[in-house]
Amino acid sequence: MTKQRARKDRSIHTQAVHAGERGPRPDFTPVSTPIYHSVGYLYDEMEDLDAVFGGQRPGFVYTRYGSPTVLAFEQAMAILERAGDAVAFASGMAALHAVLLGAGARAGRAVVAAADLYGATYALLERLFPALGARVRFVDIADHDQVARALAEEGPAALLCEAVSNPLMKVADVPQLAEMAHAAGALLLVDSTFASPYLLRPLERGGDYAVHSATKYLGGHGDVMAGVVACSEEKGRDLRERQKLLGANLGPQEAWLAMRGLKTLPLRMRQHCANAQAVAEWLAGHPAVAAVHYPGLANHPQHALAVGLFEGRGFGGMLSFDLRGAGRAEVFRFMEALELVLPATTLGDVYSLALYPAHSSHRLLSPEARAALGIGEGLVRLSVGIEDAQDIIDDLEQALGRAFENHGQ
Ligand SMILES: Cc1ncc(COP(=O)(O)O)c(C=O)c1O
C-alpha cells in the first residue's frame, strides 16, 4: 500500500518533496529496462527489508548493495558469457582490482601475470599490489615453459592474462593456461576486453573469471565507462560482498548505456572484424609499415590458435603496426594527418580510433620496459570502427602519404 505522504492537508514544503513520488505499483512491464536512480528502496513490511539486507530474499535496499538497472546489465552479461553470475563495476580497472582481490591476491601470496597487458593493469600489478605485500611476476604468456616455471616457483593465487593483449595482439591460449593454472592451484583471470563474448567466452574454456572494460566493445559508443566480471555464482557472491565495502559500483545511467550497447554487440563485432581484417591486409602491403600485429594475418604467431579459439567468427577489431624507422615525431605527424580516424585515447567504439601507446596506454611503463615488451617508439594502435572499410583505408593512405612525404618513404 502506498502511503500518502503528500496528502492535501500537508504543507507545500512537505508536498513539494513527496508529491508524485512512489505512485501506484504498475501492473505493466516496461519493454526496455528503466533507469532506476533511487538510492534507497521501500518495503511495506520491515521484515522484508530485513530479509533483503540479510540475503534471505532478493531485492534492493541501497544502491551500493545492488540496484535494478545495474542488475539487468549484470544478468545480460552473465547470459552472454554463459556464466553463473556477472558483477558490474565503475570501470574496467575497478573490475580488475576487485577480481584480483577476489582471486586471493594479498600479502604473502603471488600473482603471475602476462607482461603484455594494458598499461594501467601492468602498473596496478607492478606498484599497488607489491606495496600491499603481494608478489607479482610477469611472464611472456605465449611462452608456456616460462609460465609453467613461474607457476611452480611462485605457487600463485592467480594467473592473469588478456585474451588478446593490448597493444601487441598476442592471443592467450586460454584452455591450456587454465589447465596449467589449475594444476598449480591458481585461478585463471582473463581480461577479455578485446575479444568480447562475440569471439570468446573464457569460462567455457576453463577460465575462472572473465573481466571486461565495458567502456570498450560492450558499451561500444564511446559514451560510458564501466567494468564487468563474469564468474561462477559463488565467486559472484564473494565479489558482491567485496563491492559493498569497496564501493566502485556502476551507476544506473551507465548500466543502461552499457546494456543498450550489448544489443548491437554481435552486429558491431562482425563489422569490426571484417574491417580490421581488410585494414590489416592493406597495411601489411604498405611500404611505410614495417610490421602489422593482427591475429587474422597468417604470419601472426598465434594465428592458428586464434582460428581455433574464435571459431571462425573473426579476429577482433584491434590491430597495431610499426611505422618503419619512425619515432614520436613521425607518429605525431601521421596522427595529425588523419581526417576520419580519430587520434583519441580509447578503443572498441563505433568510430575508428588511433592511439600512440608510448605516450598514452603504456605511458606508465618506462621506455626500457616498453622496449622489452616490443612496444617500440613507432608503434601505433588502431581500433578499427564500423565505418566503411575503404573509407578507413583511404584515410590511412592519405595520412601515411602526408606524414612520410619528403621523408624518404
Ligand atoms: C584490455 C583493457 N583492460 C582494462 C582496461 C581498463 O578499463 P577502464 O578504462 O574501463 O578502466 C583497458 C582500458 O583501456 C583495456 O584496454
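Scanning the range 161-185 for residues that are closer than 25 Å to GLU377 by Cβ and either without any contact (Cβ under 8 Å) to a residue 40 or more places away in the chain or surrounded by 22 or more Cβ atoms within 10 Å (Cβ to Cβ) (or both) gives GLU162, VAL164, SER165, ASN166, PRO167, MET169, LYS170, VAL171. Is it the case that ALA399 is over 27 Å from GLY261 (Cα atoms) and touching a residue at least 12 places away in the same chain (Cβ under 8 Å)? The answer is yes for ALA399.
Somewhere in the range 189-198, is a residue in contact with a helix residue (DSSP H, G or I) (Cβ under 7 Å, 6 or more places away or on another chain), away from the ligand (no atom under 12 Å from the Cβ) and among the aliphatic types (A, V, I, L, M)? Looking for residues that are in contact with a helix residue (DSSP H, G or I) (Cβ under 7 Å, 6 or more places away or on another chain), away from the ligand (no atom under 12 Å from the Cβ) and among the aliphatic types (A, V, I, L, M), one finds none in the range 189-198, hence no.
Checked against (1) touching a residue at least 60 places away in the same chain (Cβ under 8 Å); (2) out of contact with any Lys or Arg (no Cβ under 7 Å at 6 or more places or on another chain); (3) of a type outside the set (Ser, Thr, Tyr); (4) surrounded by 15 or more Cβ atoms within 10 Å (Cβ to Cβ), PRO287 passes all but a single condition, namely (4). Among the residues making up the range 317-350, those that are assigned to a strand (DSSP E or B) and more than 16 Å from the ligand (Cβ to nearest atom) are PHE321, ASP322, LEU323. The criterion of being away from the ligand (no atom under 11 Å from the Cβ) and in contact with an Asp or Glu (Cβ under 6 Å, 6 or more places away or on another chain) holds for LEU168.
If you filter the range 339-360 down to residues that are touching a strand residue (DSSP E or B) at 6+ places or on another chain (Cβ under 6 Å) and of a type in the set (A, V, I, L, M, F, W, C), you find that the one that is surrounded by the fewest Cβ atoms within 10 Å (Cβ to Cβ) is ALA344.
Taking the range 210-238 as the region of interest, how many residues are more than 11 Å from the ligand (Cβ to nearest atom) and either among the β-branched types (Val, Ile, Thr) or surrounded by 24 or more Cβ atoms within 10 Å (Cβ to Cβ) (or both)?
Residues of the range 210-238 that are more than 11 Å from the ligand (Cβ to nearest atom), as a first pass: 210, 220-223, 229-238.
The next check asks that each one be either among the β-branched types (Val, Ile, Thr) or surrounded by 24 or more Cβ atoms within 10 Å (Cβ to Cβ) (or both); those that pass are 210, 220, 229-231.
Total meeting the criteria: 5.
Residues that are touching a residue at least 24 places away in the same chain (Cβ under 8 Å), within 16 Å of the ligand (Cβ to nearest atom) and of a type outside the set (A, V, I, L, M): find the helices (runs of 4 or more DSSP H) completely inside the range 87-160 holding 2 or more of those.
Values: elements: 92-102, 119-123, 144-154.
In the range 87-160, 92-102, 119-123 are the helices (runs of 4 or more DSSP H) which contain 2 or more residues that are touching a residue at least 24 places away in the same chain (Cβ under 8 Å), within 16 Å of the ligand (Cβ to nearest atom) and of a type outside the set (A, V, I, L, M).
Between ARG25, ARG64, the distinction of being touching a helix residue (DSSP H, G or I) at 6+ places or on another chain (Cβ under 7 Å) and either surrounded by fewer than 16 Cβ atoms within 10 Å (Cβ to Cβ) or free of Cβ contacts under 8 Å to residues at least 24 places away in the same chain (or both) belongs to ARG64 only.
A short reminder: the numbers here are calculations on the coordinates, not readings from a lab. This one's a predicted model, so the numbers in the text were calculated from it and none came from an experiment. Neighbour counts are summed over all protein chains in view; Cβ atoms, including those assigned to glycine, are modelled from backbone coordinates with ideal geometry.
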